[in-house]
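Peer 1: Before anything else, here's the structure in question.
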Amino acid sequence: MCIFCRIANGELPASVVYEDAHTIAFLDIQPFTPGHVLVIPKQHAASLGNLSPEEAGYVMRASQIVAVALKKSGLMCEGVNFWLSDGKAAGQEVDHIHMHVFPRFPGDGFTPPTVSVEKVKQPGRAQLVQQAKMIEEAIRLVSGHFSTSDRVV
Ligand code: 5GP
Ligand code: ZN
(Lines give C-alpha, C1' and ligand atoms only; values in the text may rest on other atoms or scores of the structure.)
(Ligands and ions follow the chains in the order given, each with its own letter.)
Protein backbone atom coordinates (compact mmCIF):
# COMPACT_ATOMS: atom_id res chain seq x y z
CA MET A 1 0.00 0.00 0.00
CA CYS A 2 1.34 3.49 -0.85
CA ILE A 3 2.23 6.05 1.82
CA PHE A 4 -0.79 8.24 1.09
CA CYS A 5 -3.16 5.24 1.29
CA ARG A 6 -1.57 4.47 4.65
CA ILE A 7 -2.14 8.05 5.79
CA ALA A 8 -5.77 7.86 4.58
CA ASN A 9 -6.19 4.61 6.55
CA GLY A 10 -4.75 6.16 9.68
CA GLU A 11 -1.77 3.77 9.63
CA LEU A 12 0.75 6.61 9.30
CA PRO A 13 0.62 9.88 11.24
CA ALA A 14 -0.39 13.08 9.48
CA SER A 15 -1.67 16.50 10.47
CA VAL A 16 -5.15 16.16 9.02
CA VAL A 17 -7.06 19.39 8.37
CA TYR A 18 -10.09 18.05 6.49
CA GLU A 19 -11.78 14.72 5.80
CA ASP A 20 -14.98 13.59 4.10
CA ALA A 21 -16.20 10.29 2.64
CA HIS A 22 -14.06 10.66 -0.50
CA THR A 23 -11.06 12.79 0.40
CA ILE A 24 -8.60 13.61 3.12
CA ALA A 25 -6.35 16.68 3.41
CA PHE A 26 -3.22 16.98 5.54
CA LEU A 27 -0.12 19.14 5.90
CA ASP A 28 2.85 18.48 3.64
CA ILE A 29 5.96 17.55 5.66
CA GLN A 30 8.13 19.66 3.33
CA PRO A 31 5.95 22.73 2.84
CA PHE A 32 6.53 25.21 0.02
CA THR A 33 5.00 27.79 2.39
CA PRO A 34 3.56 27.45 5.92
CA GLY A 35 0.12 25.84 5.74
CA HIS A 36 0.89 23.79 2.60
CA VAL A 37 -1.89 21.18 2.36
CA LEU A 38 -2.10 18.02 0.27
CA VAL A 39 -5.61 16.97 -0.77
CA ILE A 40 -5.95 13.34 -1.85
CA PRO A 41 -8.74 11.02 -2.93
CA LYS A 42 -9.16 8.16 -0.45
CA GLN A 43 -9.28 5.83 -3.43
CA HIS A 44 -5.79 5.06 -4.73
CA ALA A 45 -5.08 6.40 -8.21
CA ALA A 46 -1.67 7.10 -9.69
CA SER A 47 -3.05 9.52 -12.28
CA LEU A 48 -5.98 11.93 -12.24
CA GLY A 49 -7.31 10.12 -15.30
CA ASN A 50 -7.67 6.93 -13.27
CA LEU A 51 -10.30 8.55 -11.06
CA SER A 52 -13.94 8.74 -12.02
CA PRO A 53 -15.08 12.29 -12.88
CA GLU A 54 -17.01 12.30 -9.62
CA GLU A 55 -13.98 11.33 -7.50
CA ALA A 56 -11.86 13.93 -9.32
CA GLY A 57 -14.58 16.47 -8.57
CA TYR A 58 -14.49 15.63 -4.88
CA VAL A 59 -10.75 16.39 -4.83
CA MET A 60 -11.42 19.82 -6.36
CA ARG A 61 -14.27 20.46 -3.93
CA ALA A 62 -12.08 19.64 -0.93
CA SER A 63 -9.29 21.80 -2.38
CA GLN A 64 -11.73 24.69 -2.67
CA ILE A 65 -12.73 24.30 0.98
CA VAL A 66 -9.08 24.19 2.07
CA ALA A 67 -8.20 27.25 -0.03
CA VAL A 68 -11.07 29.32 1.38
CA ALA A 69 -10.15 28.21 4.90
CA LEU A 70 -6.46 29.04 4.46
CA LYS A 71 -7.39 32.68 3.81
CA LYS A 72 -9.34 32.80 7.06
CA SER A 73 -6.91 30.70 9.12
CA GLY A 74 -4.68 33.42 10.51
CA LEU A 75 -1.73 32.01 8.57
CA MET A 76 -0.08 34.36 6.11
CA CYS A 77 -2.27 33.87 3.05
CA GLU A 78 -3.11 36.53 0.49
CA GLY A 79 -3.46 34.10 -2.40
CA VAL A 80 -3.45 30.36 -2.97
CA ASN A 81 -1.76 28.13 -5.50
CA PHE A 82 -3.25 24.82 -6.62
CA TRP A 83 -0.66 22.47 -8.03
CA LEU A 84 -1.11 18.93 -9.27
CA SER A 85 1.76 16.98 -10.82
CA ASP A 86 0.42 14.14 -12.96
CA GLY A 87 3.22 11.82 -14.02
CA LYS A 88 6.95 11.52 -13.34
CA ALA A 89 7.84 13.97 -16.13
CA ALA A 90 5.57 16.52 -14.42
CA GLY A 91 7.43 16.08 -11.13
CA GLN A 92 5.10 13.63 -9.41
CA GLU A 93 7.02 11.85 -6.69
CA VAL A 94 4.27 10.14 -4.71
CA ASP A 95 2.35 7.66 -6.83
CA HIS A 96 -1.08 8.61 -5.41
CA ILE A 97 -2.55 11.67 -7.05
CA HIS A 98 -2.65 14.74 -4.82
CA MET A 99 -3.48 18.41 -5.11
CA HIS A 100 -1.04 20.79 -3.45
CA VAL A 101 -2.92 23.75 -1.98
CA PHE A 102 -0.60 26.30 -0.44
CA PRO A 103 -0.76 29.88 0.81
CA ARG A 104 0.96 32.67 -1.05
CA PHE A 105 1.96 36.12 0.13
CA PRO A 106 4.50 38.69 -1.04
CA GLY A 107 7.97 37.61 0.01
CA ASP A 108 6.94 34.01 0.80
CA GLY A 109 10.09 32.75 -0.92
CA PHE A 110 8.24 30.47 -3.31
CA THR A 111 9.35 30.89 -6.90
CA PRO A 112 7.01 29.33 -9.44
CA PRO A 113 8.85 27.56 -12.24
CA THR A 114 8.79 29.71 -15.35
CA VAL A 115 10.17 29.70 -18.84
CA SER A 116 12.10 32.90 -19.45
CA VAL A 117 10.41 35.27 -21.88
CA GLU A 118 13.46 35.13 -24.19
CA LYS A 119 13.07 31.36 -24.50
CA VAL A 120 9.35 31.39 -25.18
CA LYS A 121 8.79 30.70 -28.84
CA GLN A 122 5.36 32.05 -29.66
CA PRO A 123 3.64 29.52 -31.90
CA GLY A 124 2.04 30.67 -35.13
CA ARG A 125 -1.71 30.39 -35.67
CA ALA A 126 -1.27 27.29 -37.87
CA GLN A 127 0.58 25.53 -35.08
CA LEU A 128 -2.10 26.45 -32.54
CA VAL A 129 -4.81 25.22 -34.90
CA GLN A 130 -2.95 21.92 -35.40
CA GLN A 131 -2.38 21.40 -31.65
CA ALA A 132 -5.99 22.26 -30.84
CA LYS A 133 -7.13 19.72 -33.47
CA MET A 134 -4.95 16.98 -31.97
CA ILE A 135 -6.26 17.64 -28.47
CA GLU A 136 -9.85 18.01 -29.59
CA GLU A 137 -9.72 14.68 -31.43
CA ALA A 138 -8.23 12.99 -28.38
CA ILE A 139 -10.96 14.51 -26.21
CA ARG A 140 -13.56 13.04 -28.55
CA LEU A 141 -11.94 9.62 -28.06
CA VAL A 142 -11.94 9.77 -24.27
CA SER A 143 -15.12 11.77 -23.76
CA GLY A 144 -17.26 8.64 -23.36
CA HIS A 145 -15.29 7.76 -20.27
CA PHE A 146 -15.63 11.24 -18.83
CA SER A 147 -19.12 12.14 -20.02
CA THR A 148 -21.21 14.12 -17.63
CA SER A 149 -24.66 15.60 -17.99
CA ASP A 150 -23.39 19.16 -17.64
CA ARG A 151 -21.08 19.32 -20.67
CA VAL A 152 -21.62 22.68 -22.32
CA VAL A 153 -19.37 22.65 -25.42
P1 5GP B 1 4.80 15.53 -5.61
O2 5GP B 1 6.24 15.89 -5.86
O3 5GP B 1 4.53 14.06 -5.82
O4 5GP B 1 3.83 16.42 -6.33
O5 5GP B 1 4.54 15.85 -4.07
C6 5GP B 1 4.72 14.94 -3.06
C7 5GP B 1 4.64 15.70 -1.78
O8 5GP B 1 4.39 14.79 -0.72
C9 5GP B 1 5.92 16.46 -1.43
O10 5GP B 1 5.63 17.83 -1.30
C11 5GP B 1 6.37 15.81 -0.12
O12 5GP B 1 6.91 16.74 0.78
C13 5GP B 1 5.10 15.21 0.41
N14 5GP B 1 5.30 14.03 1.22
C15 5GP B 1 6.08 12.96 0.92
N16 5GP B 1 5.99 12.03 1.89
C17 5GP B 1 5.11 12.50 2.82
C18 5GP B 1 4.61 11.99 4.05
O19 5GP B 1 4.94 10.90 4.50
N20 5GP B 1 3.74 12.77 4.74
C21 5GP B 1 3.33 13.99 4.26
N22 5GP B 1 2.48 14.68 5.00
N23 5GP B 1 3.79 14.52 3.10
C24 5GP B 1 4.68 13.77 2.39
ZN1 ZN C 1 -2.36 5.17 -2.52
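The values are calculated or read from the model by the stated rules, or taken from the named source; none is laboratory data. As the structure is a computational prediction, the values presented were derived from the model and not from experiment. Don't worry about glycine lacking a Cβ; one is built from the backbone with ideal geometry, like all the others, and counts go over all protein chains shown. For accessibility, only protein heavy atoms count, side chains too; no ligands or nucleic acids. Shrake-Rupley method; radii C 1.70, N 1.55, O 1.52, S 1.80 Å.
Peer 1: Skipping prolines and chain starts, which residues have an amide H placed within reach, meaning under 5 Å, of the one on V17, given they are 5 or more residues away or on another chain?
Peer 2: Here the answer is A25, F26, L27, since their amide H atoms fall under 5 Å of that of V17.
Peer 1: To the nearest 0.05, what FRET efficiency results for T114 and M1 with a Förster distance of 25 Å applied to their C-beta separation? Intermediate results must be reported in sequence, preceding the final value.
Peer 2: Values: r = 37 Å, r/R0 = 1.46.
Efficiency, rounded to the nearest 0.05: 0.10.
Peer 1: So, one more: Taking trypsin sites (Lys or Arg not before Pro) as candidate sites, keep only those in a DSSP loop with at most 14 other Cβ atoms within 10 Å, then name the longest stretch of the chain containing none of them.
Peer 2: Longest run free of exposed loop sites: 1-120.
Peer 1: Taking only protein heavy atoms and a 1.4 Å probe, what accessible area per residue, in Å², does segment 3-114 have with all protein chains in place?
Peer 2: Counting only protein heavy atoms, the per-residue value for segment 3-114 is 55 Å².
Peer 1: If you plug each phi of segment 82-88 into the Karplus form 6.51 cos²θ - 1.76 cosθ + 1.60 with θ = phi - 60°, what whole-Hz ³J(HN,Hα) values come out, in order, with x for Gly and Pro?
Peer 2: 10, 9, 10, 9, 10, x, 4
Peer 1: Suppose the chain between S15 and V68 were pulled fully straight at 0.36 nm per residue; how much longer would it get relative to their current alpha carbon spacing?
Peer 2: Working: separation 53, 0.36 × 53 = 19.08 nm, distance 1.83 nm.
Taking S15 through V68 to full extension adds about 17.2 nm, to one decimal.
Peer 1: Just flag the GluC sites (Glu not before Pro) in segment 46-80 sitting in loop per DSSP whose Cβ has no more than 14 other Cβ atoms within 10 Å.
Peer 2: Here the sparse-neighbourhood loop sites are E78.
Peer 1: Could you count how many Lys pairs in the chain have their Cα atoms under 28 Å apart, skipping same-chain pairs fewer than 8 positions apart?
Peer 2: Lysine pairs, 8 or more places apart or on different chains, close enough: 8.
Peer 1: Something else: Let's see if you can work this out: charge +1 on each Lys and Arg Cβ, -1 on each Asp and Glu Cβ, no other charges. What is the dipole magnitude of segment 1-73 about its Cα centre, in debye to the nearest 20?
Peer 2: It comes to approximately 200 debye.
Peer 1: Same structure again: Report the relative contact order of segment 3-114, percent, no decimals, based on alpha-carbon pairs under 8 angstrom and at least 6 residues apart.
Peer 2: 28
Peer 1: Nothing charged except the Cβ atoms of Lys and Arg (+1) and of Asp and Glu (-1): what's the magnitude of the dipole of segment 40-99 about its Cα centre? Round to the nearest 20 debye.
Peer 2: Values: 5 positive and 6 negative charges, 47 e Å.
I would put it at about 220 debye.
Peer 1: Let me ask you something else. Counting only protein heavy atoms and a 1.4 Å probe, tell me what percentage of segment 3-114's accessible area is made up of carbon and sulfur.
Peer 2: Taking all protein chains in place, segment 3-114 shows 56 percent carbon and sulfur surface.
Peer 1: Which of V68, M134, I97 sits closest to the plus end of the dipole of the chain, meaning its Cα is farthest towards the positive end, when Lys and Arg get +1 and Asp and Glu get -1 on the C-beta?
Peer 2: Towards the positive end, the residue furthest out is M134.
Peer 1: Size of the dipole of the chain about the Cα centre, Lys and Arg at +1 and Asp and Glu at -1 on the beta carbon, nothing else charged, in debye to 20? Walk me through the numbers on the way to the answer.
Peer 2: On the way: 13 positive and 15 negative charges, 92 e Å.
The calculation lands at about 440 debye.
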